[in-house]
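Below is one structure, written out as structure tokens; the observations come after it.
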Amino acid sequence: FEPIAAAFAHEKNVSGEKLALVVDIGGGTSDFTVIRLSQHFLNRTNRANDILANTGVRIGGNDFDKDLSLISFMPELGFRSTYGDKHLPVPLKYYYDLAEWSKVNSLYTPKNRMQIYQYLGQSHDPERLSRLLNVIDQESGHVLLGAVEEAKIALTYHDVNCSSLDFLAEGCTVETSKAVFEESIAAEIEQVTVAATACVQEAGVRLQDIELIILTGGSTEIPAVQLAFRELFSHAEVSDTNKLDSVGVGLAYDSQRKFQMG
């Protein structure tokens with residue numbers, strides 16, 4: 001329903017009749033709708049016949065956070081470091097859980113703390129691994145993910161970003177670049193565009209039939225995401241205004257239409 005609402009938010013500005021693909025990339029999912037839009041349809045209370053397809057895929061901004069965290073932030077906490085005479089790797093599960101918003105709290109257990117403390121005693125990179133232990137002790141995983149998200153947003157507008165992790169260790173910083181970030185999320189972006197293409201096919205139309213691309217959701221601000229859709233639908237107009245509030249605006253328009261308010 002969210003991409004459909006976003007379409008309604010843009011419909012008042014559509015000239016003529018347009019076949020649109022709405023791309024709504026949220027925190028956990030990317031949702032797509034192929035819909036016919038026209039100012040002449042604004043008063044229709046039932047738009048079922050105008051909606052040709054509505055699909056989604058479980059990839060979103062949280063996955064981009066995870067990718068950036070693993071490639072740029074987790075190495076500063078001992079990610080892929082080793083311990084002991086046999087140079088065994090520190091278990092990766094700690095880092096993968098720490099890079100996912102929904103799994104962070106599961107790390108704060110006495111068992112995990114004890115295990116990491118044992119690895120630290122044999123670590124070949126004790127300085128960085130000690131920061132992982134600090135995260136467990138301070139229960140600061142969400143603070144760390146907040147820094148990752150801030151870096152992701154900053155890299156939308158800047159080529160390089162430097163994040164301070166003083167809460168883990170004095171003077172600890174992570175520098176990352178837009179190029180590294182975009183490389184880390186390339187596979188996810190490809191899956192999103194494949195899913196969008198499948199939505200168009202499900203609608204029974206061709207890619208070249210899509211006249212308008214509506215981008216909504218914070219992650220559509222990412223230049224690599226925009227570029228992917230501009231290249232896939234190079235013939236189509238792209239509307240990317242009101243990315244953060246188009247769903248709410250569209251729901252308000254639909255409520256007004258259905259309940260005849262004001």
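The values are calculated or read from the model by the stated rules, or taken from the named source; none is laboratory data. This structure is a prediction, so every number in the text was calculated from the model and none was measured. Because the Cβ atoms are built from the backbone with ideal geometry, glycine has one as well, and the counts that use them run over all protein chains shown. To get the accessible areas, we keep the full protein, side chains included, count just its heavy atoms, and leave off ligands, DNA and RNA. Shrake-Rupley method; radii C 1.70, N 1.55, O 1.52, S 1.80 Å.
Points to keep in mind about this one:
- Filter result (open to solvent by 80 Å² or more (accessible area, probe 1.4 Å) and modelled with pLDDT of 60 or more) within region 224-262: L227, R230, E231, S234, H235, E237, N242, K258, F259, Q260
- Inspection of region 23-38 finds no residue satisfying the criterion of being in contact (Cβ under 8 Å) with a residue 24 or more places away in the chain, open to solvent by less than 20 Å² (accessible area, probe 1.4 Å) and part of a loop (DSSP other than H, G, I, E, B).
- Exclusive hit being modelled with pLDDT of 95 or more, more than 21 Å from L232 (Cβ to Cβ) and either open to solvent by 10 Å² or more (accessible area, probe 1.4 Å) or part of a strand (DSSP E or B) (or both), set D65, D85: D85
- Flag set for I71, criterion: under 16 Å from the mean Cα position of the chain (by Cα) and either in contact (Cβ under 8 Å) with a residue 12 or more places away in the chain or not in a strand (DSSP E or B) (or both).
- Hits in region 48-65 - residues which are among the aliphatic types (A, V, I, L, M) and within 22 Å of the chain's Cα centre (by Cα): V57, I59
- Identification of helices (runs of 4 or more DSSP H) wholly contained in region 117-223 with 3 or more residues that are surrounded by 19 or more Cβ atoms within 10 Å (Cβ to Cβ) and without any contact (Cβ under 8 Å) to a residue 60 or more places away in the chain yields 126-138.
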